[in-house]
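Asks: Shown below is the structure under consideration.
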Amino acid sequence: MRVVIAEDSVLLREGLTRLLTDRDHEVVAGVGDGEALVEVVRELAAGEGLPDVVVADVRMPPTHTDEGVRAAVRLRADFPHLGVLVLSQYVEEQYATELIAGSSRGVGYLLKDRVADVREFAEAVERVARGGTALDPEVVAQLLGRSRKQDVLAALTPREREVLGLMAEGRTNSAIASALVVSHGAVEKHVSNIFMKLGLAQSDTDHRRVLAVLTYLNS
């Protein structure tokens, strides 16, 4: 896959580049601020072709607040088929919700301090590039917590909340069943209950289910 990395820390940017190139992926550009990210993706789209995925930090120059995730939202508006994985030290709730709820294609939001396995991180980038989802459960928890419809979410049982968290990581029903050591049928029942209680139509595509939940939270 072809990747663009946006990270103002040169050491981290080079480390991510090495990690992905070691897995035979092509890092076509590396930039250090949000405006440069938008510019380079637009140039690539107009020339050799849109990259498969962007990996972007949230805090970048000039203000080191939310430049990266705002740039990601702009790019998703311009290129709905572009995979975007935000890698950050914290959750920027407003733009995170907008980013995640805005499209049914590949999106991810991982917290740097919670990335404990290099292989799993690389697989998350690859999953987002293919149109899947990679969301840290802590990100989902914070977005759930800010919802004005918390009374509806309170109707979920602890097990249903656990299943919802695993869905948000982009896991299939089979993977959820394996993680929770329950039957596939039990997971299907939990998923059905979750969507019924949230008033959402079910979907056969895992990442679309997650995005439907987050779209609901942003409505």
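Asks: Which order do 192, 178 take by accessible area at a 1.4 Å probe, largest first?
Replies: Numbers: 192 45, 178 90 Å².
So the residues, ranked largest to smallest area, are 178, 192.
Asks: If ligands, DNA and RNA are left out, what is the accessible area of residue 189 with a 1.4 Å probe, given in Å² to the nearest 10?
Replies: 130
Asks: Can you work out ³J(HN,Hα) from phi for every residue in region 29-40, in order, using Karplus 6.51 cos²θ - 1.76 cosθ + 1.60 and θ = phi - 60°, giving whole Hz and x for Gly and Pro?
Replies: Calculated HN-Hα couplings, in order: 6, x, 10, x, 8, x, 5, 5, 4, 4, 5, 5 Hz.
Asks: Continuing with the same structure: Filter the GluC sites (Glu not before Pro) in region 16-109 to those in DSSP coil with at most 16 other Cβ atoms within 10 Å of their Cβ, and list the result. Provide the component values of the computation, followed by the final result.
Replies: Details: sites: 26, 35, 39, 43, 48, 67, 92, 93, 98; in loops: 48, 92.
Sites meeting the loop and neighbour criteria: 48.
Asks: Now for a separate question. Which sequence of 9, 183 reflects their accessible areas, 1.4 Å probe, from the largest down?
Replies: Working: 9 50, 183 70 Å².
Highest to lowest solvent-accessible surface, that is 183, 9.
Asks: Quote the accessible area belonging to residue 13 in square angstrom, nearest 10, computed with a 1.4 Å probe and with ligands, DNA and RNA left uncounted.
Replies: 40
Asks: Run the simple label-point estimate for residue 44 and residue 175 please: 7 Å along Cα→C-beta, distance reported in nm.
Replies: Spacing of the two 7 Å Cα→Cβ label points: 2.3 nm.
Asks: Probe 1.4 Å, all protein chains in place: accessible area of residue 194 in Å², nearest 10?
Replies: Counting only protein heavy atoms, the figure is 0 Å².
Asks: Using a 1.4 angstrom probe on the protein heavy atoms only, line up 133, 157, 63 by accessible area, largest first. Let's see the in-between values first.
Replies: Details: 133 0, 157 55, 63 80 Å².
Ranking 133, 157, 63 by accessible area, largest first, yields 63, 157, 133.
The values are calculated or read from the model by the stated rules, or taken from the named source; none is laboratory data. Since the structure is predicted, the reported quantities are computational estimates derived from the model, not experimental observations. Glycine gets a Cβ as well: all are built from the backbone with ideal geometry, and neighbour counts include every protein chain shown. Protein only, heavy atoms only, side chains kept; ligands, DNA and RNA dropped before computing areas. Shrake-Rupley method; radii C 1.70, N 1.55, O 1.52, S 1.80 Å.
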